[in-house]
Amino acid sequence: MPERRTVALVTLGCARNEVDSEELAGRLAADGWELVEEAADADVAVVNTCGFVEAAKKDSVDALLEANDLKAAASEGRGGRTQAVVAVGCMAERYGKELAEALPEADGVLGFDDYSNISDRLQTILSGGIHAAHTPRDRRKLLPISPAERQDAAGVALPGHAQSGAEEPAVPPQDLPEGVAPVSGPRAPLRRRLGNEPVASVKLASGCDRRCSFCAIPSFRGSFISRRPSDVLGETRWLAEQGVKEVMLVSENNTSYGKDLGDIRLLETLLPELAAVDGIERIRVSYLQPAEMRPGLIDVLTGTDKVAPYFDLSFQHSAPGVLRAMRRFGDTDRFLELLETIRTKAPQAGARSNFIVGFPGESESDLAELERFLGEARLDAIGVFGYSDEDGTEAASYEDKVDPDEVAERLSRVSRLAEELTAQRAAERVGETVRVLVDRIDDEDDGVVGRAAHQAPETDGVTLLTGGRDLLPGRMVEAKVVASEGVDLVAEVLSVDGTGCTEEAGR
């Protein structure tokens with residue numbers, strides 16, 4: 001009988017990392033590893049790190065150190081079984097050997113090129129061997145400059161695409177463990193869900209061709225490359241079979257989808273096909289570039305049944321001078337026009353965005369312009385970040401830096417404004433009828449927690465349902481908003497899955 005090998009995946013950062021963790025979980029399960037939830041119960045704790053900004057990197061280091069404490073406790077007989085701690089993900093890819101040297105508590109630092117051989121890598125480390133950390137490189141240079149030539153590039157690791165080596169699983173599909181998605185083609189990854197929530201992310205593409213002066217992501221995620229529609233559809237069908245009701249399409253830039261496949265409007269044709277998958281109740285698209293929005297895409301997002309009229313627009317700022325320094329486009333009035341176009345087609349459409357304050361050269365008048373935009377935009381969710389230099393970015397070399405104390409003051413000021421404005425926007429929704437996907441039951445107060453179409457998981461608030469105590473996660477209900485609490489809504493259940501206010505919903 002094979003020796004029992006257990007592994008836990010600890011995921012930090014964005015939804016793209018969550019998809020990558022489930023790919024790693026699928027590969028490991030297919031090779032006989034037993035997946036456990038708690039790192040203390042695992043022989044190997046794999047921490048999927050985030051390398052986006054300083055705060056995220058600190059969280060990743062803290063998670064690695066915490067896992068190392070579990071390893072120490074196990075070795076000293078104080079409980080648990082953790083024998084090795086391994087870093088994967090964006091921070092591991094971005095820093096490689098540098099991270100391994102700075103953090104000897106990690107027994108291994110694995111980059112994206114190691115994902116296709118993750119089982120062998122972990123076995124080597126668990127057995128006391130050493131797998132040398134990689135020397136980081138600019139992953140934009142691994143794919144052809146021309147997007148049209150990228151689909152045929154071989155041997156480049158693309159997490160979520162399973163393109164590297166284009167290998168089939170080590171065991172036939174019929175022998176895969178229960179819950180592992182079979183490979184349906186050379187670009188379709190193995191995948192195993194790490195939770196049972198009714199929402200799951202599907203990777204639409206990887207990488208980014210934009211050159212925002214503050215962002216390091218393209219250097220370690222690489223150039224933009226789309227997944228083929230058939231693979232996205234196949235994975236969505238598999239998720240539906242696993243009980244998923246809402247699929248969120250993720251990438252660094254969803255509005256560029258299809259440009260390397262010969263059709264920049266491919267998303268407009270793919271969305272209705274995804275919405276038609278049996279069992280799927282909602283399709284949500286994240287991370288849209290305002291400068292790349294087009295009328296046809298707006299039409300599909302606002303007028304297709306089961307596609308959420310949800311606009312996660314990456315504005316970042318609204319003062320023209322700051323945007324140009326960021327290597328971005330637009331201004332307050334153009335952004336407001338875009339939002340007005342969307343709401344003319346779908347008055348209840350949701351809109352969210354993130355913003356950077358304290359960017360080099362940002363003046364008080366620039367900040368006032370941003371505040372003007374926020375005051376008129378009526379966004380449902382607003383993320384605000386204070387600028388800090390990121391290694392290898394153009395903005396790190398800019399002069400005219402804003403004093404860190406002033407950055408902190410501006411961050412606090414705009415964050416307070418954002419909190420007030422999003423609470424006002426939620427209050428505006430009182431009286432609306434919304435479709436809510438039940439996410440979970442709050443055992444402490446027997447409350448039913450779900451999300452309306454304008455609320456993405458983790459980031460945009462929730463809807464608290466009344467009159468539906470017996471509902472289960474995964475049910476879609478129609479409800480009337482009766483109150484708001486900050487960004488959250490309180491809604492009374494009207495019907496369940498279009499069946500009317502049944503005894504199940506009304507007890």
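One table, with the values for the structure above:
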| read-out | value |
| --- | --- |
| Sequence ranges 88-94, 304-310, ranked by mean other-Cβ count within 10 angstrom, highest first | 88-94, 304-310 |
| 19 Å Cα-Cα threshold exceeded, pairs from K57/K401; K345/K480; K203/K259; K57/K97; K141/K203; K58/K401 | K57/K401; K345/K480; K141/K203; K58/K401 |
| Anchor K245: aspartates and glutamates whose Cα lies under 16 Å away (excluding residues fewer than 8 positions away in-chain) | E197, E235, E273, D278, E281, D305, D439, E478, D497 |
| Ellipsoid semi-axes in whole angstrom, largest first, where each is sqrt(5λ) of the Cα gyration tensor of the stretch 366-415 | 24, 12, 11 |
| Descending Cα extents along the principal axes, the chain, whole Å | 65, 61, 51 |
| Relative packing of peptides 325-334, 340-349, 220-229 - highest average C-beta neighbours within 10 Å first | 220-229, 325-334, 340-349 |
| Protection proxy ranking, peptides 26-36, 404-414, average beta carbon neighbours within 10 Å, highest first | 26-36, 404-414 |
| Calculated [θ] (222 nm, deg cm²/dmol) that DSSP helices of n ≥ 4 give over the chain, each run adding -39,500 (n - 2.57) | -9500 deg cm²/dmol |
| Cβ-placed point charges (K, R +1; D, E -1), dipole of the chain about Cα centre in debye, nearest 20 | 1300 |
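No value in this document is a laboratory result; all are computed from the given coordinates. All values derive from a computational prediction rather than experimental measurement. Positions of Cβ are generated from backbone atoms using ideal geometry, with glycine treated the same way; all protein chains shown enter the neighbour counts.
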